[in-house]
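**Student:** Sharing a structure with you now.
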Amino acid sequence: MSRLEQSGDTFTLHTPDTDALVRELVRKEVDFSGLEVRPSSLEEAFLSLTKGAPHETGLSPHQS
């Protein structure tokens, strides 16, 4: 699991391997209902890929 969010009684788990996450929930006998599995949105994928990326400075790579 890469990220956990909570809003009231709803938990959102972000993971690169949903199959492994669901198996782990079942193995640990975690009570859950209303399970919904969906792919990341384009925005979520972009934010994940750019997380920790250096900020734009307006300089080209060859300028100092």
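No value in this document is a laboratory result; all are computed from the given coordinates. Keep in mind that what you see is a predicted model, and the values were worked out from it rather than measured. Quick reminder, even Gly has a Cβ in these numbers, built from the backbone with ideal geometry, and neighbours come from all protein chains shown.
**Student:** Given a Förster radius of 25 Å and the C-beta distance between residue 17 and residue 45 as r, what FRET efficiency does 1/(1 + (r/R0)^6) yield to the nearest 0.05?
**Tutor:** Approximately 0.95, to the nearest 0.05.
**Student:** Something else now. Order 15-24, 42-51, 1-10 from most to least packed using the mean count of other Cβ atoms within 10 Å.
**Tutor:** Details: 15-24: 12.4, 42-51: 10.0, 1-10: 8.5.
Ranked from most to least packed, the peptides come out as 15-24, 42-51, 1-10.
**Student:** A follow-up question, please. HN-Hα J couplings of segment 13-22 from phi, Karplus 6.51/-1.76/1.60, θ = phi - 60°, integer Hz, Gly and Pro as x?
**Tutor:** My calculation for segment 13-22 gives 10, 9, 8, x, 9, 5, 4, 5, 5, 5 Hz in order.
**Student:** From the backbone phi of segment 27-39, what are the Karplus-calculated ³J(HN,Hα) couplings (6.51 cos²θ - 1.76 cosθ + 1.60, θ = phi - 60°) in whole Hz, Gly and Pro given as x?
**Tutor:** For segment 27-39, the Karplus-derived couplings read 4, 8, 6, 6, 6, 8, 9, x, 5, 10, 10, 9, x Hz, x marking Gly and Pro.
**Student:** Here is a further query. Could you calculate the FRET efficiency of residue 33 with residue 4 from 1/(1 + (r/R0)^6), where r is the beta carbon distance between them and R0 is 25 Å, rounded to 0.05?
**Tutor:** The calculated FRET efficiency here is 0.90.
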